[in-house]
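Scroll down for the structure; my scribbles are underneath it.
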Amino acid sequence: MIIDSHVHLFPPEVRKDRQAWFQGEPAFEMLYASPKASLVGPEELLAAMDRDGVDRAVVFGFPWCSAERFRRHNDYILEAAQRHPRRLTGLGCFDIHHPGAADEARRCLAAGLAGIGELACYGSGWGADETARLAPIMEVCRTAGLPVLLHSNEPVGHAYPGKTPNTLAELYGLARQFRDNRIVLAHWGGGLLFYHLLRKEAGEVLANVYFDTAASPYLYDTRIWRVAADTAGAHRILLGSDYPLLRPGRYLDEIRRSTLTPEEQAAICGGNATRLFNLYPAVDEHASV
């Protein structure tokens with residue numbers, strides 16, 4: 001079984017007229033002002049999954065500032081997952097700065113979503129204010145025993161839409177403060193995974209942290225697969241395409257050409273997500289992709 005753990009879906013009204021949704025939503029405008037930035041619904045996603053041999057996708061919306069918008073979008077994700085229970089697993093998403101963020105997390109999890117994410121602060125990093133606002137949301141997820149997916153990115157290199165000013169110290173601080181939460185850091189955790197090589201403390205702090213591979217072909221050399229598995233462990237890596245930014249097949253091609261063992265490939269491409277998001281029956285971790 002192959003599971004894509006990082007996919008964005010949008011309701012038809014957003015796909016039909018994205019410009020109508022820019023007002024009051026600077027992050028959405030930044031990321032999707034260009035018509036080249038694709039917006040898809042479940043039908044397009046399922047077709048792409050079938051083309052690339054993906055069995056299941058973990059899907060979510062956008063961290064809208066407006067409560068009306070993020071509630072509607074979360075309901076849309078829930079409806080899509082309920083229509084396709086064998087193919088789609090949903091997460092709840094919202095702006096962490098909204099005073100009703102923790103209540104929305106409770107509502108989403110009570111309705112049957114499998115976690116929270118992708119939470120992002122596109123106008124800032126994960127500083128003290130963001131960490132404080134995140135705390136009640138993390139407590140909701142910790143109590144429920146469900147994961148939280150957080151946007152992260154490398155703090156160096158070229159600029160691109162959606163690249164935030166987060167630092168590795170901020171990401172490490174999140175992992176330390178919320179070490180009882182199961183956390184997924186998107187986009188290889190901005191490179192935080194390499195600090196598993198530290199002799200002291202980091203192994204314990206990062207014990208419940210996973211790293212997804214979203215946008216990897218745009219960001220990293222293909223050697224990242226072997227290096228990441230050797231550094232953080234294949235059991236901490238989740239295949240994530242960031243579809244429709246990229247099709248999952250591009251990642252699967254890289255994985256198949258890598259020096260990852262069949263067992264490592266199976267863990268990254270499905271086994272880890274099965275355990276993290278409680279997706280059963282379990283994946284055969286000895287089956288290659």
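The values are calculated or read from the model by the stated rules, or taken from the named source; none is laboratory data. All values reported here derive from a predicted model rather than from experimental measurement. Cβ atoms come from the backbone with ideal geometry, glycine included; neighbour counts cover every protein chain shown.
Descriptive notes on the structure:
- Residue 60 being crowded, with 21+ Cβ neighbours inside 10 Å, closer than 23 Å to residue 238 by Cα and touching a residue at least 24 places away in the same chain (Cβ under 8 Å): yes
- Counting the residues of segment 60-93 that are under 19 Å from residue 243 (Cα atoms), in contact with a Pro (Cβ under 8 Å, 6 or more places away or on another chain) and of a type in the set (A, V, I, L, M, F, W, C) gives 3.
- Taken together, the criteria place residue 143 among residues that are among the hydroxyl-bearing types (Ser, Thr, Tyr) and either without any contact (Cβ under 8 Å) to a residue 12 or more places away in the chain or on the phi > 0 side of the Ramachandran plot (or both).
Table: residues versus (1) at pLDDT 95 or above; (2) over 19 Å from residue 27 (Cα atoms); (3) crowded, with 24+ Cβ neighbours inside 10 Å; (4) aromatic (Phe, Trp, Tyr).
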{"site": "52", "(1), (2), (3), (4)": "yes, yes, no, no"}
{"site": "66", "(1), (2), (3), (4)": "yes, no, no, no"}
{"site": "102", "(1), (2), (3), (4)": "yes, yes, no, no"}
{"site": "112", "(1), (2), (3), (4)": "yes, yes, no, no"}
{"site": "125", "(1), (2), (3), (4)": "no, no, no, no"}
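- Cβ-Cβ distances below 8 Å connect the following pairs, each with a first residue in segment 81-98 that is in contact (Cβ under 8 Å) with a residue 40 or more places away in the chain, a second residue that is part of a loop (DSSP other than H, G, I, E, B) and not charged (D, E, K, R), and a separation of six or more residues or different chains: 89/114; 89/277; 89/279; 91/113; 91/114; 91/115; 96/63; 96/121.
- Subset tally (residues that are of a type in the set (A, V, I, L, M) and in a helix (DSSP H, G or I)) for segment 158-184: 5
- For residue 182, the conditions (1) over 18 Å from the mean Cα position of the chain (by Cα); (2) surrounded by 15 or more Cβ atoms within 10 Å (Cβ to Cβ); (3) among the charged types (D, E, K, R) all hold with the exception of (1).
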